[in-house]
Every structure is written in structure tokens, then in C-alpha cells.
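Working notes, beginning with the structure itself.
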Amino acid sequence: MSDLKNIKEFLDENPGYIKVGASRLSKRLQCSEEDASIALKEARGVSNANENNNKVLTEFEKFLDDSKIDFSDVVSVKFWQTQSGNPRFSVVTKNDKKSHEDLKKEIEEFAATYSERKSIQYPINNGDPVLYEISLPDIHYGKLHSNTLVEIEGQFMGVLTDLVDKAVGLNIEKILLPIGNDGMNSEGMRQSTTKGTPQHDSDGWKETFRGYWNLMVMAIDMLKEIAPVSVVVVSGNHDYERMYYAGDVIAGWYRNDESVEVDNSEESRKYFEYGKNMLMFTHGDNEKPQDMPLIMATERPEMFARTEFRETHCGHFHKEQVNEYRGVKVRFLPSICPNDEWHKRMGYDSKRAAQAFIWSKSKGLEGYIQSNI
């Protein structure tokens with residue numbers, strides 16, 4: 001895709017991609033970074049981009065003055081941002097100089113790319129603080145069906161954005177993002193589930209692995225602008241091994257980011273405590289639902305004793321099912337994954353949806369929000 005008009009139309013149809021940088025967008029659409037940068041600037045608002053361009057240019061000029069470096073002696077510049085949102089520069093000077101216009105263009109592209117990565121100063125809102133759990137299990141990234149990977153990524157970011165928009169007004173203290181639960185469709189090169197059931201993938205194992213964790217980084221980057229994010233990595237029956245590897249990549253990516261914490265521990269069941277709430281995350285293909293209350297109490301007895309509201313959230317079935325056992329709700333959550341040919345032939349069908357849960361520290365679950373495809 002090389003036509004600037006087509007890129008703008010893509011961003012209009014997939015607003016979740018507005019948050020990504022020009023480099024990542026150009027790779028997905030196979031267009032030039034220059035066209036991607038122009039389209040993103042217009043999508044984000046030219047005035048906002050210009051404001052950030054001017055700010056970064058001013059900071060860079062001040063940096064050169066303080067360092068006693070003449071603009072004409074600069075050959076290359078590296079840019080980055082601190083956690084507080086301040087730009088930083090690393091300058092190389094040589095006889096072979098870049099032009100003033102080339103440097104200005106690089107800085108403008110940097111400012112446009114990071115125009116929404118300002119200092120993360122979370123606002124103090126009225127009302128009781130809540131945990132906002134956004135759960136999108138079983139996306140089966142790389143699965144062969146009627147949608148391309150770009151379309152699946154756009155749908156993922158679209159429902160994520162929708163769930164965030166619908167939460168406006170909540171005093172979100174923390175965002176909980178369980179990832180995995182068959183995040184990828186197969187274990188990769190052998191194109192099968194973990195136990196060996198053959199799978200049909202749309203792309204190579206390297207492309208789907210890199211594509212999946214890049215998509216999760218895109219989502220986390222968007223969410224951490226709202227509130228600190230706790231990521232819980234849950235392995236599924238399709239990607240038990242690869243999800244652990246992807247979790248390690250993501251944990252390493254955010255190792256120095258105080259606004260993101262990643263639980264990629266080796267246990268197959270993960271636990272999260274918030275106020276009087278106890279949440280267990282598991283794929284749901286091994287345990288019997290009626291056994292889950294006892295499993296929770298046995299594996300985390302102190303957490304079980306401290307809490308009053310307890311739930312287990314599972315994937316696997318791609319549709320919503322809720323039961324209660326001994327006061328513990330067991331939820332199997334819906335999925336946004338489209339059906340492949342085998343599921344269509346077998347007559348399996350379920351509504352494609354994603355859900356987000358609102359947890360009060362003292363009152364438990366206060367409701368959930370749904371986004372449908």
C-alpha cells in the first residue's frame with residue numbers, strides 16, 4: 001500500500017493504529033515511513049503535532065547551545081524520551097555534515113511519533129478507585145481464516161479502544177490486562193497445538209511470534225497512558241510454550257518502565273489480588289470448573305482468607321459461560337477470533353466480543369462492559 005489516501009482510509013477504519021509509530025505502521029502497510037508519518041500527523045491533528053515539533057526543536061536547540069555545538073557540525077542525532085516525558089539527544093559531529101533541513105525533518109518525525117507520549121501524570125478523579133480488567137482471550141494470532149493479520153490487529157485495537165472509551169468517568173486506579181490464552185494459534189514451526197493437533201496458520205512462525213508480541217506492546221503502550229498496567233501472561237493449549245517466550249519478551253521490553261508490571265511466572269495458573277477481590281486466571285482446558293474454588297484455596301490460602309469476592313476467568317471455549325461454585329464465580333470469556341473452515345464445517349458459532357470488568361476494592365465486581373464485532 002503506497003497511496004497516501006489509502007493509508008488515511010486505513011487509519012479511519014482502524015483507529016487503534018493511530019497510536020502506533022510511523023515505522024511500525026509502514027511495515028504493516030508496506031508503505032514508506034514518510035507517507036505513514038504524514039498520515040499519522042493528520043490523524044492525530046496537525047496542530048498537536050506542530051506543537052510537539054516546536055517543543056522538541058526548542059529543546060534540541062537549547063541542548064546544542066548548552067553543549068556548545070554548532071548546528072552545522074552535527075552529522076547525526078539519536079532521540080528518546082525519559083519516563084517523565086522529557087526529550088533527550090545524543091549527537092555525533094563529523095566533517096561529513098547533514099543539512100539543517102535533514103535534521104529538522106528527523107526531529108519533526110520524532111516529535112510526531114511521540115506526540116502522545118507525554119509525562120505520565122495520572123489524574124486524580126472523583127469517586128471510588130477501581131481496577132479495570134480488560135480481557136481478550138483466544139485471539140489465535142496467525143490462524144488461517146478470512147481475515148488478514150492486519151485486519152485482526154485492527155479489530156483487536158478497535159475493541160480495546162472501544163472498551164477504554166466506554167470507561168470514561170471511572171476512577172481507574174490500575175488496568176489489569178491478561179494476555180495469551182491461545183494468543184497465538186500454534187506452537188510455531190511445527191504448526192500444531194502443544195499436544196500435536198495440526199493447525200493451519202496464515203503466516204510463518206517467526207512473523208506470527210513477532211507480530212503477536214508487537215501487538216501486545218502496542219496495546220500496553222496505549223493503556224499505560226491512562227493508568228498503571230498489570231499484565232498477566234496466561235498460556236493456552238495452542239501456545240503453551242510460545243506464550244511463555246512472548247511473555248519474557250514483553251517483560252524485558254518493560255523492565256525499566258515503572259508504569260508496567262508483567263507476571264510471566266512459571267505457574268500455569270496466575271493470581272491477582274485487588275482490595276477484597278481475588279482473581280485466578282487459567283486457560284480452562286485442564287481443570288474442572290467445580291474444582292476451581294478448592295484449587296484457589298489450596299494454592300493461595302492467605303489470599304483466599306484475605307478476600308471476599310473471588311472469580312476465575314478462563315478462555316478456551318470462545319463463548320461466555322458463567323457458573324458459581326461455593327461462592328466462587330467461574331467465567332469462560334468470549335473471543336474476537338473469527339471461525340476457520342473447520343469450525344464453520346462443524347457448525348460451531350459464537351458471538352465475537354470482548355469484555356472489561358470493573359472491580360471495586362471493597363464492593364467486588366460492579367459491572368462489566370462489552371465490545372462486539
Exercise. Considering amide H positions built from the backbone, and no H for Pro or chain starts, which residues 5 or more places from Arg310, or on another chain, come under 5 Å of its amide H?
Worked result: Met278, Lys329
Seminar exercise, completed: Of the convex hull drawn through the C-alpha atoms of segment 129-372, the volume per residue in Å³ is 119 Å³
Seminar exercise, completed: In order over segment 155-161: 3J(HN,Hα) from phi, Karplus 6.51/-1.76/1.60, θ = phi - 60°, whole Hz, x for each Gly or Pro, gives 5, 4, 5, x, 5, 4, 4
Seminar exercise, completed: HN-Hα couplings for segment 317-330 via Karplus (6.51, -1.76, 1.60; θ = phi - 60°), in whole Hz with x for Gly/Pro, come out as 8, 6, 8, 7, 9, 10, 9, 10, 10, 6, x, 10, 7, 10
Problem set entry | Unit charges on C-beta of K, R, D, E only; dipole of segment 215-373, Debye | 600 debye
Seminar exercise, completed: Quick note on Val217, Val232, ordering by fewest other C-beta atoms within 10 Å, gives Val217, Val232
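With a sphere of radius 15 Å drawn around the Cβ of Glu261, what net charge do the other residues whose Cβ falls strictly inside it have (Lys, Arg +1; Asp, Glu -1)?
-4
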Exercise. So, counting K/R as plus one and D/E as minus one, what does the shell of residues with Cβ under 13 Å around Glu241 add up to?
Worked result: -2
Seminar exercise, completed: Cβ-Cβ cut-off under 11 Å around Asp12, Lys and Arg +1, Asp and Glu -1: the net charge is -1
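What ranking, highest mean first, results for peptides 242-249, 322-329, 146-153 when packing means the other Cβ atoms within 10 Å averaged over each residue?
242-249, 146-153, 322-329
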Exercise. When all C-alpha to C-alpha distances in segment 211-261 are sorted into bins of 10 Å, what percent of pairs does each bin hold, rounded to whole numbers?
Worked result: 25, 55, 18, 1
For this session: Under 1.5 on a/c is rounded, so check that first for segment 128-193, then, if it is not, pick prolate when a/b is larger than b/c and oblate when it is not; a ≥ b ≥ c are the square roots of the alpha carbon gyration tensor eigenvalues.
Result: oblate
Exercise. Over all distinct Cα pairs, what is the inverse of the mean 1/r for segment 174-301, reported as the Kirkwood hydrodynamic radius in Å?
Worked result: 15.6 Å
Exercise. How many percent of Cα pairs in segment 287-369 exceed 14 Å?
Worked result: 69 percent
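Read-outs throughout are calculated quantities, based only on the coordinates presented, and are distinct from any laboratory measurement. These numbers were taken from a predicted model, which means no experiment stands behind them. Virtual Cβ from ideal backbone geometry, glycine too; neighbours counted across all protein chains shown.
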